1. Among the residues of the range 27-76, which ones are in a loop (DSSP other than H, G, I, E, B) and in contact (Cβ under 8 Å) with a residue 40 or more places away in the chain?
2. When you scan the range 147-167, how many residues do you find that are in a helix (DSSP H, G or I) and farther than 14 Å from residue 59 by Cβ?
3. Which of the residues spanning the range 327-375 are under 21 Å from the mean Cα position of the chain (by Cα), of a type outside the set (A, V, I, L, M, F, W, C) and within 27 Å of residue 488 (Cα to Cα)?
4. For the range 268-311, how many residues meet the condition of being in contact with a strand residue (DSSP E or B) (Cβ under 8 Å, 6 or more places away or on another chain), outside any strand (DSSP E or B) and among the charged types (D, E, K, R)?
5. Using beta carbons and a limit of 7 Å, which pairs, at least six apart or on different chains, have the first residue in the range 215-230 and free of Cβ contacts under 8 Å to residues at least 60 places away in the same chain and the second one of a type in the set (Ser, Thr, Tyr)?
6. Filtering the range 133-143 down to residues that are in contact with a helix residue (DSSP H, G or I) (Cβ under 6 Å, 6 or more places away or on another chain) and assigned to a helix (DSSP H, G or I), which residue is surrounded by the most Cβ atoms within 10 Å (Cβ to Cβ)?
7. Would you pick out the residues in the range 77-92 that are in contact with a strand residue (DSSP E or B) (Cβ under 7 Å, 6 or more places away or on another chain) and either crowded, with 20+ Cβ neighbours inside 10 Å or assigned to a helix (DSSP H, G or I) (or both)?
8. What do you reckon, is residue 94 touching a residue at least 24 places away in the same chain (Cβ under 8 Å), over 30 Å from residue 179 (Cα atoms) and hydroxyl-bearing (Ser, Thr, Tyr)?
Amino acid sequence: MKNDLSRRHRMLTPESPPVEEFDDPIAAVARLSAIYEANAGFLRDAFARYRRHEPITERVRACYPFVRVRTEVNTHVDSRRSYGFVAGPGVFETTVTRPDLFANYYREQLRLLAKNHQVKIEVGVSSQPIPIHFAFPEGIHLEGELDRDSLLAMRDVFDTPDLSYLDDRIVNGTFEPAPGEPHPLALFTAARVDFSLHRLRHYTATLPTHFQNYVLYTNYQFYIDEFVKLGRTMMTESDDPEVRAYRSQYSAFVEPGDVITYNENLGSEPSEGAAPPRLPQMPAYHLKRADGSGITMVNIGVGPSNAKTITDHIAVLRPHAWVMLGHCAGLRNTQRLGDYVLAHGYVREDHVLDADLPLWVPIPALAEVQLALERGVADVTRLDGAELKRVMRTGTVASVDNRNWELRDHREPVQRLSQSRAIALDMESATIAANGFRFRVPYGTLLCVSDKPLHGELKLPGMADQFYRAQVDQHLQIGVKAMEILRTNGLDKLHSRKLRSFAEVAFQ
(Lines give C-alpha, C1' and ligand atoms only; values in the text may rest on other atoms or scores of the structure.)
Protein backbone atom coordinates (compact mmCIF):
# COMPACT_ATOMS: atom_id res chain seq x y z
CA MET A 1 0.00 0.00 0.00
CA LYS A 2 1.05 3.62 -0.40
CA ASN A 3 -0.03 6.83 1.27
CA ASP A 4 -0.51 9.95 -0.87
CA LEU A 5 -1.58 13.50 -0.10
CA SER A 6 -4.64 14.29 -2.18
CA ARG A 7 -7.17 17.07 -1.66
CA ARG A 8 -5.73 17.71 1.79
CA HIS A 9 -6.37 14.06 2.76
CA ARG A 10 -3.92 11.24 3.15
CA MET A 11 -5.01 8.67 0.59
CA LEU A 12 -4.84 4.95 1.23
CA THR A 13 -4.80 3.09 -2.09
CA PRO A 14 -3.70 -0.30 -3.41
CA GLU A 15 -0.55 -0.58 -5.49
CA SER A 16 -1.21 0.65 -9.03
CA PRO A 17 0.46 -1.59 -11.62
CA PRO A 18 1.86 -0.02 -14.80
CA VAL A 19 -0.17 0.00 -18.00
CA GLU A 20 0.39 -3.20 -19.96
CA GLU A 21 -0.07 -3.95 -23.66
CA PHE A 22 -1.56 -7.16 -25.00
CA ASP A 23 -2.03 -8.81 -28.38
CA ASP A 24 -4.20 -11.56 -26.91
CA PRO A 25 -7.73 -10.54 -25.81
CA ILE A 26 -7.87 -13.48 -23.38
CA ALA A 27 -4.74 -12.30 -21.59
CA ALA A 28 -6.02 -8.71 -21.59
CA VAL A 29 -9.29 -9.73 -19.92
CA ALA A 30 -7.40 -11.84 -17.39
CA ARG A 31 -5.39 -8.73 -16.46
CA LEU A 32 -8.56 -6.63 -16.20
CA SER A 33 -10.01 -9.26 -13.90
CA ALA A 34 -6.92 -9.34 -11.69
CA ILE A 35 -6.94 -5.55 -11.28
CA TYR A 36 -10.65 -5.40 -10.57
CA GLU A 37 -10.60 -8.23 -8.03
CA ALA A 38 -7.58 -6.75 -6.24
CA ASN A 39 -9.07 -3.26 -6.04
CA ALA A 40 -12.59 -4.33 -5.09
CA GLY A 41 -11.12 -6.69 -2.51
CA PHE A 42 -9.01 -3.84 -1.11
CA LEU A 43 -12.17 -1.81 -0.55
CA ARG A 44 -14.04 -4.72 1.02
CA ASP A 45 -11.18 -5.34 3.45
CA ALA A 46 -11.04 -1.65 4.40
CA PHE A 47 -14.80 -1.57 4.92
CA ALA A 48 -14.59 -4.61 7.18
CA ARG A 49 -12.10 -2.73 9.35
CA TYR A 50 -14.30 0.37 9.31
CA ARG A 51 -17.32 -1.67 10.35
CA ARG A 52 -15.34 -3.03 13.30
CA HIS A 53 -14.56 0.59 14.29
CA GLU A 54 -10.85 0.14 13.69
CA PRO A 55 -9.22 3.56 13.22
CA ILE A 56 -8.82 4.60 9.57
CA THR A 57 -7.10 7.98 9.37
CA GLU A 58 -6.72 8.11 5.58
CA ARG A 59 -9.28 8.34 2.82
CA VAL A 60 -9.62 4.90 1.20
CA ARG A 61 -9.78 4.75 -2.58
CA ALA A 62 -9.45 2.12 -5.29
CA CYS A 63 -10.25 2.64 -8.96
CA TYR A 64 -11.74 0.67 -11.82
CA PRO A 65 -9.47 -0.89 -14.44
CA PHE A 66 -9.57 0.52 -17.96
CA VAL A 67 -9.03 -0.86 -21.43
CA ARG A 68 -7.72 1.35 -24.22
CA VAL A 69 -6.85 1.14 -27.91
CA ARG A 70 -5.05 3.62 -30.16
CA THR A 71 -5.55 3.86 -33.90
CA GLU A 72 -3.56 6.11 -36.20
CA VAL A 73 -5.15 5.44 -39.58
CA ASN A 74 -8.63 4.98 -40.99
CA THR A 75 -9.36 1.29 -41.34
CA HIS A 76 -11.81 -0.18 -43.81
CA VAL A 77 -13.79 -2.95 -42.11
CA ASP A 78 -16.58 -5.21 -43.26
CA SER A 79 -19.45 -2.79 -43.90
CA ARG A 80 -21.94 -5.40 -42.74
CA ARG A 81 -20.70 -5.19 -39.15
CA SER A 82 -22.62 -3.14 -36.60
CA TYR A 83 -19.91 -3.17 -33.92
CA GLY A 84 -16.31 -4.21 -33.29
CA PHE A 85 -14.52 -1.23 -34.84
CA VAL A 86 -13.83 2.43 -34.09
CA ALA A 87 -14.95 5.31 -36.28
CA GLY A 88 -11.49 6.65 -37.11
CA PRO A 89 -8.02 7.48 -35.79
CA GLY A 90 -7.74 8.35 -32.10
CA VAL A 91 -7.54 7.05 -28.56
CA PHE A 92 -10.52 5.06 -27.29
CA GLU A 93 -11.00 3.98 -23.70
CA THR A 94 -13.57 2.66 -21.23
CA THR A 95 -13.60 1.66 -17.59
CA VAL A 96 -14.45 -1.95 -16.82
CA THR A 97 -16.31 -3.74 -14.03
CA ARG A 98 -17.34 -7.28 -13.10
CA PRO A 99 -15.08 -9.28 -15.42
CA ASP A 100 -16.55 -12.38 -13.79
CA LEU A 101 -19.91 -11.49 -15.35
CA PHE A 102 -18.75 -9.91 -18.62
CA ALA A 103 -15.58 -11.92 -19.42
CA ASN A 104 -16.94 -13.52 -22.61
CA TYR A 105 -18.38 -10.19 -23.75
CA TYR A 106 -15.09 -8.35 -23.18
CA ARG A 107 -13.08 -11.06 -24.93
CA GLU A 108 -15.29 -10.91 -28.01
CA GLN A 109 -15.25 -7.10 -28.23
CA LEU A 110 -11.46 -6.96 -27.87
CA ARG A 111 -11.02 -9.83 -30.34
CA LEU A 112 -12.94 -7.87 -32.96
CA LEU A 113 -10.96 -4.69 -32.28
CA ALA A 114 -7.65 -6.54 -32.56
CA LYS A 115 -8.81 -8.23 -35.76
CA ASN A 116 -10.19 -5.11 -37.42
CA HIS A 117 -7.45 -2.65 -36.45
CA GLN A 118 -4.35 -4.74 -35.63
CA VAL A 119 -3.77 -2.68 -32.49
CA LYS A 120 -2.35 -3.37 -29.05
CA ILE A 121 -4.82 -3.63 -26.18
CA GLU A 122 -3.77 -1.46 -23.25
CA VAL A 123 -4.90 -2.35 -19.72
CA GLY A 124 -4.33 -0.32 -16.57
CA VAL A 125 -5.91 1.37 -13.57
CA SER A 126 -8.19 4.33 -14.30
CA SER A 127 -8.77 7.44 -12.19
CA GLN A 128 -12.47 6.61 -11.71
CA PRO A 129 -13.03 5.49 -8.09
CA ILE A 130 -15.04 2.38 -7.31
CA PRO A 131 -17.90 3.46 -5.00
CA ILE A 132 -17.83 1.41 -1.82
CA HIS A 133 -21.38 0.16 -2.49
CA PHE A 134 -20.27 -1.32 -5.81
CA ALA A 135 -17.26 -3.16 -4.35
CA PHE A 136 -19.79 -5.73 -3.10
CA PRO A 137 -21.19 -7.50 -6.21
CA GLU A 138 -23.93 -9.14 -4.18
CA GLY A 139 -24.87 -5.80 -2.65
CA ILE A 140 -24.63 -4.55 0.92
CA HIS A 141 -27.16 -2.87 3.16
CA LEU A 142 -25.07 -0.07 4.63
CA GLU A 143 -27.78 1.17 6.94
CA GLY A 144 -27.92 -2.28 8.50
CA GLU A 145 -24.15 -2.70 8.67
CA LEU A 146 -23.24 0.61 10.34
CA ASP A 147 -24.37 2.68 13.27
CA ARG A 148 -25.61 6.22 12.64
CA ASP A 149 -22.30 7.98 13.34
CA SER A 150 -20.31 5.60 11.15
CA LEU A 151 -22.83 5.96 8.35
CA LEU A 152 -22.61 9.76 8.45
CA ALA A 153 -18.80 9.69 8.47
CA MET A 154 -18.51 7.11 5.70
CA ARG A 155 -18.34 9.69 2.89
CA ASP A 156 -15.19 11.10 4.47
CA VAL A 157 -13.52 7.68 4.24
CA PHE A 158 -14.92 5.98 1.11
CA ASP A 159 -16.07 7.07 -2.33
CA THR A 160 -19.82 6.85 -2.89
CA PRO A 161 -21.74 6.86 -6.21
CA ASP A 162 -21.14 10.06 -8.21
CA LEU A 163 -23.95 11.01 -10.60
CA SER A 164 -21.48 12.63 -13.01
CA TYR A 165 -20.26 9.12 -13.90
CA LEU A 166 -23.73 7.60 -14.05
CA ASP A 167 -25.45 9.58 -16.80
CA ASP A 168 -26.27 8.42 -20.32
CA ARG A 169 -24.50 11.10 -22.35
CA ILE A 170 -22.57 8.50 -24.35
CA VAL A 171 -25.73 6.55 -25.11
CA ASN A 172 -27.65 9.70 -26.02
CA GLY A 173 -24.92 10.99 -28.32
CA THR A 174 -24.37 14.18 -26.30
CA PHE A 175 -20.97 13.30 -24.79
CA GLU A 176 -18.09 15.48 -25.96
CA PRO A 177 -14.64 14.49 -24.70
CA ALA A 178 -12.54 17.32 -23.31
CA PRO A 179 -9.35 18.23 -25.23
CA GLY A 180 -6.88 15.40 -24.79
CA GLU A 181 -9.50 13.08 -23.30
CA PRO A 182 -10.01 9.65 -24.94
CA HIS A 183 -13.13 8.87 -26.94
CA PRO A 184 -15.50 6.34 -25.37
CA LEU A 185 -14.99 2.71 -26.30
CA ALA A 186 -18.30 1.50 -24.80
CA LEU A 187 -21.76 2.93 -24.21
CA PHE A 188 -21.54 2.66 -20.42
CA THR A 189 -18.90 3.54 -17.85
CA ALA A 190 -18.10 0.95 -15.20
CA ALA A 191 -19.96 2.92 -12.53
CA ARG A 192 -23.07 3.13 -14.73
CA VAL A 193 -22.94 -0.64 -15.23
CA ASP A 194 -22.53 -1.30 -11.52
CA PHE A 195 -25.42 1.00 -10.69
CA SER A 196 -27.74 -0.94 -12.99
CA LEU A 197 -26.52 -4.35 -11.81
CA HIS A 198 -27.47 -3.44 -8.24
CA ARG A 199 -30.83 -2.00 -9.31
CA LEU A 200 -31.63 -5.15 -11.30
CA ARG A 201 -31.42 -7.32 -8.23
CA HIS A 202 -33.63 -4.86 -6.35
CA TYR A 203 -36.33 -4.72 -9.02
CA THR A 204 -36.33 -8.36 -10.16
CA ALA A 205 -35.16 -10.37 -7.10
CA THR A 206 -32.67 -12.30 -9.22
CA LEU A 207 -28.93 -11.88 -9.66
CA PRO A 208 -27.68 -10.29 -12.90
CA THR A 209 -25.71 -13.48 -13.57
CA HIS A 210 -28.96 -15.27 -14.40
CA PHE A 211 -30.15 -12.87 -17.11
CA GLN A 212 -30.12 -14.30 -20.62
CA ASN A 213 -29.42 -12.62 -23.96
CA TYR A 214 -32.98 -12.83 -25.28
CA VAL A 215 -35.51 -10.91 -23.18
CA LEU A 216 -39.30 -10.94 -23.22
CA TYR A 217 -41.26 -8.21 -21.45
CA THR A 218 -44.89 -8.49 -20.48
CA ASN A 219 -47.43 -6.34 -18.68
CA TYR A 220 -49.57 -9.16 -17.29
CA GLN A 221 -48.91 -11.85 -14.69
CA PHE A 222 -50.86 -14.34 -16.82
CA TYR A 223 -47.91 -14.51 -19.21
CA ILE A 224 -45.52 -15.10 -16.33
CA ASP A 225 -47.71 -17.93 -15.03
CA GLU A 226 -47.46 -19.64 -18.42
CA PHE A 227 -43.70 -19.00 -18.65
CA VAL A 228 -43.20 -20.54 -15.20
CA LYS A 229 -45.25 -23.55 -16.26
CA LEU A 230 -43.14 -23.83 -19.43
CA GLY A 231 -39.84 -23.42 -17.58
CA ARG A 232 -40.65 -26.04 -14.96
CA THR A 233 -41.85 -28.47 -17.63
CA MET A 234 -38.59 -27.98 -19.56
CA MET A 235 -36.67 -29.08 -16.47
CA THR A 236 -38.51 -32.42 -16.13
CA GLU A 237 -37.08 -35.61 -17.58
CA SER A 238 -38.58 -37.04 -20.77
CA ASP A 239 -38.23 -40.50 -22.31
CA ASP A 240 -39.10 -39.17 -25.76
CA PRO A 241 -35.73 -38.63 -27.56
CA GLU A 242 -36.98 -35.62 -29.52
CA VAL A 243 -38.54 -33.93 -26.49
CA ARG A 244 -35.49 -34.75 -24.38
CA ALA A 245 -33.15 -33.21 -26.96
CA TYR A 246 -35.22 -30.04 -27.12
CA ARG A 247 -35.44 -29.66 -23.35
CA SER A 248 -31.74 -30.38 -22.91
CA GLN A 249 -30.75 -27.13 -24.60
CA TYR A 250 -31.82 -25.35 -21.41
CA SER A 251 -29.73 -25.99 -18.31
CA ALA A 252 -31.84 -24.45 -15.54
CA PHE A 253 -34.89 -22.37 -14.72
CA VAL A 254 -34.50 -19.50 -12.25
CA GLU A 255 -37.29 -17.71 -10.37
CA PRO A 256 -37.27 -14.71 -7.99
CA GLY A 257 -35.16 -15.32 -4.91
CA ASP A 258 -32.66 -17.10 -7.18
CA VAL A 259 -34.67 -20.30 -6.87
CA ILE A 260 -32.91 -22.60 -9.33
CA THR A 261 -34.43 -25.74 -10.81
CA TYR A 262 -31.88 -27.76 -12.77
CA ASN A 263 -32.69 -29.78 -15.86
CA GLU A 264 -33.30 -33.43 -15.00
CA ASN A 265 -32.40 -34.38 -18.56
CA LEU A 266 -28.82 -33.23 -17.90
CA GLY A 267 -28.35 -34.72 -14.43
CA SER A 268 -29.95 -34.78 -11.02
CA GLU A 269 -28.74 -31.68 -9.19
CA PRO A 270 -31.11 -30.63 -6.40
CA SER A 271 -32.95 -27.34 -6.60
CA GLU A 272 -31.62 -24.43 -4.55
CA GLY A 273 -32.66 -20.98 -3.35
CA ALA A 274 -35.65 -19.67 -1.44
CA ALA A 275 -38.58 -17.69 -2.78
CA PRO A 276 -38.85 -14.15 -1.37
CA PRO A 277 -41.65 -13.43 1.13
CA ARG A 278 -43.23 -11.15 -1.48
CA LEU A 279 -42.63 -10.60 -5.18
CA PRO A 280 -40.52 -7.61 -6.21
CA GLN A 281 -41.77 -4.75 -8.34
CA MET A 282 -40.76 -6.38 -11.64
CA PRO A 283 -40.06 -10.09 -11.11
CA ALA A 284 -37.79 -11.84 -13.61
CA TYR A 285 -37.65 -15.48 -14.66
CA HIS A 286 -34.82 -17.08 -16.61
CA LEU A 287 -34.83 -20.12 -18.89
CA LYS A 288 -31.07 -20.55 -18.99
CA ARG A 289 -28.67 -21.98 -21.54
CA ALA A 290 -25.05 -22.70 -20.72
CA ASP A 291 -23.85 -20.03 -23.17
CA GLY A 292 -26.26 -17.36 -21.87
CA SER A 293 -28.43 -17.45 -24.99
CA GLY A 294 -31.57 -18.55 -23.18
CA ILE A 295 -34.71 -16.51 -22.54
CA THR A 296 -35.46 -14.11 -19.69
CA MET A 297 -39.01 -12.91 -19.07
CA VAL A 298 -39.84 -9.87 -16.92
CA ASN A 299 -43.24 -8.73 -15.71
CA ILE A 300 -42.78 -4.97 -16.00
CA GLY A 301 -46.24 -4.16 -14.70
CA VAL A 302 -48.24 -1.29 -16.14
CA GLY A 303 -46.96 1.98 -17.54
CA PRO A 304 -44.07 3.57 -19.41
CA SER A 305 -42.16 4.49 -16.25
CA ASN A 306 -41.63 0.84 -15.36
CA ALA A 307 -40.80 0.05 -18.98
CA LYS A 308 -38.08 2.69 -19.05
CA THR A 309 -36.74 1.76 -15.63
CA ILE A 310 -36.18 -1.92 -16.36
CA THR A 311 -34.80 -1.42 -19.88
CA ASP A 312 -32.41 1.27 -18.59
CA HIS A 313 -30.88 -1.38 -16.37
CA ILE A 314 -31.08 -4.54 -18.49
CA ALA A 315 -29.35 -2.63 -21.31
CA VAL A 316 -25.99 -2.74 -19.50
CA LEU A 317 -26.04 -6.54 -19.86
CA ARG A 318 -25.92 -6.02 -23.66
CA PRO A 319 -28.68 -8.48 -24.59
CA HIS A 320 -29.03 -9.52 -28.20
CA ALA A 321 -32.76 -8.71 -28.45
CA TRP A 322 -35.81 -7.75 -26.45
CA VAL A 323 -39.47 -8.06 -27.38
CA MET A 324 -42.68 -6.80 -25.80
CA LEU A 325 -45.46 -9.38 -25.44
CA GLY A 326 -48.60 -7.91 -23.96
CA HIS A 327 -52.16 -6.79 -24.38
CA CYS A 328 -53.42 -3.77 -26.22
CA ALA A 329 -56.58 -1.96 -27.20
CA GLY A 330 -57.53 -2.68 -30.80
CA LEU A 331 -58.46 0.54 -32.60
CA ARG A 332 -59.97 -0.83 -35.81
CA ASN A 333 -63.48 -2.18 -36.17
CA THR A 334 -62.22 -5.12 -38.25
CA GLN A 335 -60.01 -6.38 -35.43
CA ARG A 336 -61.26 -9.12 -33.14
CA LEU A 337 -60.37 -9.95 -29.57
CA GLY A 338 -57.36 -12.28 -29.67
CA ASP A 339 -55.93 -10.88 -32.92
CA TYR A 340 -52.22 -10.10 -32.96
CA VAL A 341 -50.61 -6.74 -33.67
CA LEU A 342 -47.06 -6.64 -35.05
CA ALA A 343 -45.77 -3.10 -34.54
CA HIS A 344 -43.88 -1.52 -37.42
CA GLY A 345 -44.10 2.03 -36.07
CA TYR A 346 -44.83 3.87 -32.84
CA VAL A 347 -46.63 6.98 -31.63
CA ARG A 348 -44.64 8.04 -28.58
CA GLU A 349 -47.03 9.71 -26.15
CA ASP A 350 -45.44 8.03 -23.14
CA HIS A 351 -43.24 11.11 -22.43
CA VAL A 352 -40.67 9.30 -20.26
CA LEU A 353 -37.92 9.38 -22.91
CA ASP A 354 -38.54 12.79 -24.47
CA ALA A 355 -35.43 14.28 -22.82
CA ASP A 356 -33.21 11.36 -23.90
CA LEU A 357 -34.55 10.66 -27.38
CA PRO A 358 -36.32 13.56 -29.13
CA LEU A 359 -39.76 12.83 -30.55
CA TRP A 360 -38.58 13.74 -34.05
CA VAL A 361 -36.30 10.67 -34.04
CA PRO A 362 -38.09 7.83 -35.89
CA ILE A 363 -38.06 4.36 -34.32
CA PRO A 364 -37.70 2.02 -37.31
CA ALA A 365 -38.97 -1.52 -37.52
CA LEU A 366 -36.08 -4.01 -37.61
CA ALA A 367 -36.60 -6.56 -40.36
CA GLU A 368 -34.64 -9.25 -38.54
CA VAL A 369 -36.97 -9.14 -35.54
CA GLN A 370 -40.14 -8.54 -37.56
CA LEU A 371 -39.56 -11.64 -39.67
CA ALA A 372 -38.87 -13.78 -36.60
CA LEU A 373 -42.09 -12.64 -34.93
CA GLU A 374 -44.14 -13.18 -38.09
CA ARG A 375 -42.67 -16.64 -38.53
CA GLY A 376 -43.36 -17.38 -34.86
CA VAL A 377 -47.03 -16.55 -35.35
CA ALA A 378 -47.17 -18.69 -38.48
CA ASP A 379 -45.45 -21.69 -36.86
CA VAL A 380 -47.57 -21.68 -33.70
CA THR A 381 -50.95 -20.91 -35.31
CA ARG A 382 -50.15 -23.09 -38.38
CA LEU A 383 -51.50 -20.36 -40.63
CA ASP A 384 -49.93 -18.66 -43.61
CA GLY A 385 -50.74 -16.28 -46.44
CA ALA A 386 -54.16 -14.67 -46.28
CA GLU A 387 -55.15 -16.75 -43.25
CA LEU A 388 -52.17 -15.41 -41.30
CA LYS A 389 -53.16 -11.84 -42.16
CA ARG A 390 -56.61 -12.58 -40.78
CA VAL A 391 -55.22 -13.07 -37.24
CA MET A 392 -52.20 -10.74 -37.35
CA ARG A 393 -52.14 -7.14 -38.48
CA THR A 394 -49.00 -5.04 -38.99
CA GLY A 395 -49.19 -1.34 -38.20
CA THR A 396 -48.53 1.55 -35.86
CA VAL A 397 -48.84 1.16 -32.08
CA ALA A 398 -49.54 4.21 -29.92
CA SER A 399 -48.24 4.19 -26.35
CA VAL A 400 -49.67 6.65 -23.82
CA ASP A 401 -48.98 7.51 -20.18
CA ASN A 402 -52.64 7.89 -19.19
CA ARG A 403 -54.29 4.57 -18.38
CA ASN A 404 -57.73 6.20 -18.38
CA TRP A 405 -57.37 7.94 -21.72
CA GLU A 406 -60.92 6.80 -22.52
CA LEU A 407 -62.26 9.30 -19.97
CA ARG A 408 -61.03 12.35 -21.85
CA ASP A 409 -63.14 14.07 -24.48
CA HIS A 410 -62.95 11.23 -26.96
CA ARG A 411 -62.78 13.50 -30.01
CA GLU A 412 -59.17 14.54 -29.36
CA PRO A 413 -57.58 11.09 -28.90
CA VAL A 414 -59.68 9.60 -31.67
CA GLN A 415 -58.55 12.28 -34.10
CA ARG A 416 -54.89 11.90 -33.17
CA LEU A 417 -55.01 8.13 -33.36
CA SER A 418 -56.73 8.26 -36.73
CA GLN A 419 -54.19 10.73 -38.12
CA SER A 420 -51.33 8.51 -36.97
CA ARG A 421 -52.92 5.44 -38.61
CA ALA A 422 -52.52 3.60 -35.29
CA ILE A 423 -54.11 0.17 -35.07
CA ALA A 424 -53.44 -0.48 -31.38
CA LEU A 425 -52.83 1.36 -28.13
CA ASP A 426 -50.94 0.39 -24.97
CA MET A 427 -48.69 2.01 -22.36
CA GLU A 428 -45.31 0.29 -22.72
CA SER A 429 -44.40 -0.81 -26.25
CA ALA A 430 -43.13 2.49 -27.63
CA THR A 431 -40.99 2.97 -24.53
CA ILE A 432 -39.37 -0.44 -24.87
CA ALA A 433 -38.77 0.04 -28.60
CA ALA A 434 -37.41 3.57 -28.13
CA ASN A 435 -35.03 2.43 -25.41
CA GLY A 436 -33.97 -0.48 -27.62
CA PHE A 437 -33.16 2.06 -30.33
CA ARG A 438 -31.36 4.30 -27.83
CA PHE A 439 -29.32 1.45 -26.33
CA ARG A 440 -28.65 -0.31 -29.67
CA VAL A 441 -30.56 -3.43 -28.57
CA PRO A 442 -32.64 -5.05 -31.36
CA TYR A 443 -36.30 -4.71 -30.40
CA GLY A 444 -39.78 -5.72 -31.45
CA THR A 445 -43.42 -5.74 -30.33
CA LEU A 446 -46.13 -8.36 -30.69
CA LEU A 447 -49.36 -7.48 -28.90
CA CYS A 448 -52.70 -9.20 -28.53
CA VAL A 449 -56.00 -7.32 -28.76
CA SER A 450 -57.78 -7.63 -25.40
CA ASP A 451 -60.44 -4.93 -25.82
CA LYS A 452 -61.83 -2.44 -28.35
CA PRO A 453 -62.86 0.64 -26.36
CA LEU A 454 -63.66 2.72 -29.44
CA HIS A 455 -66.18 0.09 -30.48
CA GLY A 456 -67.90 -0.65 -27.19
CA GLU A 457 -65.89 -3.75 -26.25
CA LEU A 458 -64.40 -2.72 -22.92
CA LYS A 459 -62.06 -4.74 -20.73
CA LEU A 460 -64.43 -6.04 -18.05
CA PRO A 461 -63.62 -8.74 -15.48
CA GLY A 462 -65.60 -11.64 -16.91
CA MET A 463 -64.69 -10.91 -20.51
CA ALA A 464 -61.04 -10.41 -19.66
CA ASP A 465 -60.62 -13.61 -17.63
CA GLN A 466 -62.13 -15.75 -20.35
CA PHE A 467 -59.97 -14.07 -22.97
CA TYR A 468 -56.75 -14.41 -20.96
CA ARG A 469 -57.14 -18.13 -20.42
CA ALA A 470 -57.80 -18.80 -24.09
CA GLN A 471 -55.06 -16.68 -25.64
CA VAL A 472 -52.07 -16.19 -23.33
CA ASP A 473 -50.58 -19.66 -23.79
CA GLN A 474 -50.48 -19.31 -27.58
CA HIS A 475 -49.07 -15.78 -27.42
CA LEU A 476 -46.26 -16.89 -25.11
CA GLN A 477 -45.42 -19.85 -27.35
CA ILE A 478 -45.07 -17.40 -30.23
CA GLY A 479 -42.71 -15.19 -28.23
CA VAL A 480 -40.50 -18.10 -27.20
CA LYS A 481 -40.48 -19.44 -30.75
CA ALA A 482 -39.46 -16.03 -32.13
CA MET A 483 -36.56 -15.79 -29.69
CA GLU A 484 -35.36 -19.26 -30.66
CA ILE A 485 -35.56 -18.26 -34.32
CA LEU A 486 -33.45 -15.15 -33.66
CA ARG A 487 -30.88 -17.25 -31.82
CA THR A 488 -30.73 -19.81 -34.64
CA ASN A 489 -30.36 -17.10 -37.29
CA GLY A 490 -27.14 -15.91 -35.65
CA LEU A 491 -25.82 -12.60 -34.35
CA ASP A 492 -24.46 -11.39 -37.68
CA LYS A 493 -28.02 -11.23 -39.00
CA LEU A 494 -29.57 -9.93 -35.80
CA HIS A 495 -27.46 -6.91 -34.88
CA SER A 496 -28.55 -4.12 -37.17
CA ARG A 497 -26.55 -1.24 -38.65
CA LYS A 498 -29.76 0.79 -38.37
CA LEU A 499 -28.92 1.36 -34.71
CA ARG A 500 -25.43 2.84 -35.31
CA SER A 501 -24.86 6.56 -34.90
CA PHE A 502 -22.28 8.57 -36.89
CA ALA A 503 -19.37 8.04 -34.47
CA GLU A 504 -20.51 4.83 -32.81
CA VAL A 505 -18.59 3.20 -29.97
CA ALA A 506 -16.80 -0.04 -30.79
CA PHE A 507 -18.33 -2.28 -28.14
CA GLN A 508 -21.67 -3.96 -28.92
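1. Taking the range 27-76 as the starting set, the residues that turn out to be in a loop (DSSP other than H, G, I, E, B) are 52-58, 61-62, 72-76.
The answer is 53, 56, 57, 58, 61, 62, 75.
2. 8
3. Within the range 327-375, 364, 368, 370 qualify.
4. 1
5. Once the first residue is free of Cβ contacts under 8 Å to residues at least 60 places away in the same chain and sits in the range 215-230, its partners that are of a type in the set (Ser, Thr, Tyr) give 228/285.
6. Only one residue fits best here, namely 134.
7. Those that are in contact with a strand residue (DSSP E or B) (Cβ under 7 Å, 6 or more places away or on another chain) and either crowded, with 20+ Cβ neighbours inside 10 Å or assigned to a helix (DSSP H, G or I) (or both): 86, 92.
8. Here the answer is no, as residue 94 does not meet what is asked.
The values are calculated or read from the model by the stated rules, or taken from the named source; none is laboratory data. The structure displayed is predicted, hence computed values, not measured ones. Note that we place each Cβ from the backbone using ideal geometry, even for glycine, and neighbour counts take in every protein chain shown.
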